[in-house]
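The numbers here are math on the coordinates, done by the rules we state, and not lab data. All figures in this text were calculated on a predicted structure; none of them were measured in a lab.
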Amino acid sequence: MERAFDYVLALQMRGGDAIAGRADADPELAFLLLRLTEDIVFFITAVPDDSAPFADFFALDEVGCVSLSAVRDWAWDSPTTAAPGIARSIIRFTVNVIPSPTMQTPPTP
């Protein structure tokens with residue numbers, strides 16, 4: 001997982017030149033990135049066990065499942081070309097779906 005995180009961070013901080021050739025040199029990288037994606041997406045989109053379920057939970061869960069299905073197919077069909085795309089997907093997901101601490105609703109008095 002450390003290799004997957006390093007790859008994502010290198011892409012996010014320094015761009016495509018920083019990751020050039022890494023996927024070719026590390027054939028397992030796409031599958032490590034897939035595992036990282038699963039861990040992030042399942043954690044964020046899964047229906048919580050401790051609350052009353054409602055439609056939004058199920059919609060978010062299904063979006064997560066569909067996204068993971070596409071990423072899995074991509075990783076299996078073309079591991080070396082999938083690695084940069086999966087890393088970009090992780091970056092986009094974390095930036096656009098996971099709320100930042102400053103964006104959360106303040107507690108009511």
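Subtracting the Cα-Cα distance of Asp49 and Ala18 from 0.36 nm times their residue separation leaves 7.1 nm of extension gain. Potential lengthening of the chain between Ser69 and Ala25 amounts to 13.3 nm, from the contour at 0.36 nm per residue minus the alpha-carbon distance.
Cα centroid separation, the range 53-98 to the range 8-48: 11 Å.
The slack in the chain from Phe58 to Ile98, taken as 0.36 nm per residue of separation less the alpha-carbon distance, amounts to 12.7 nm.
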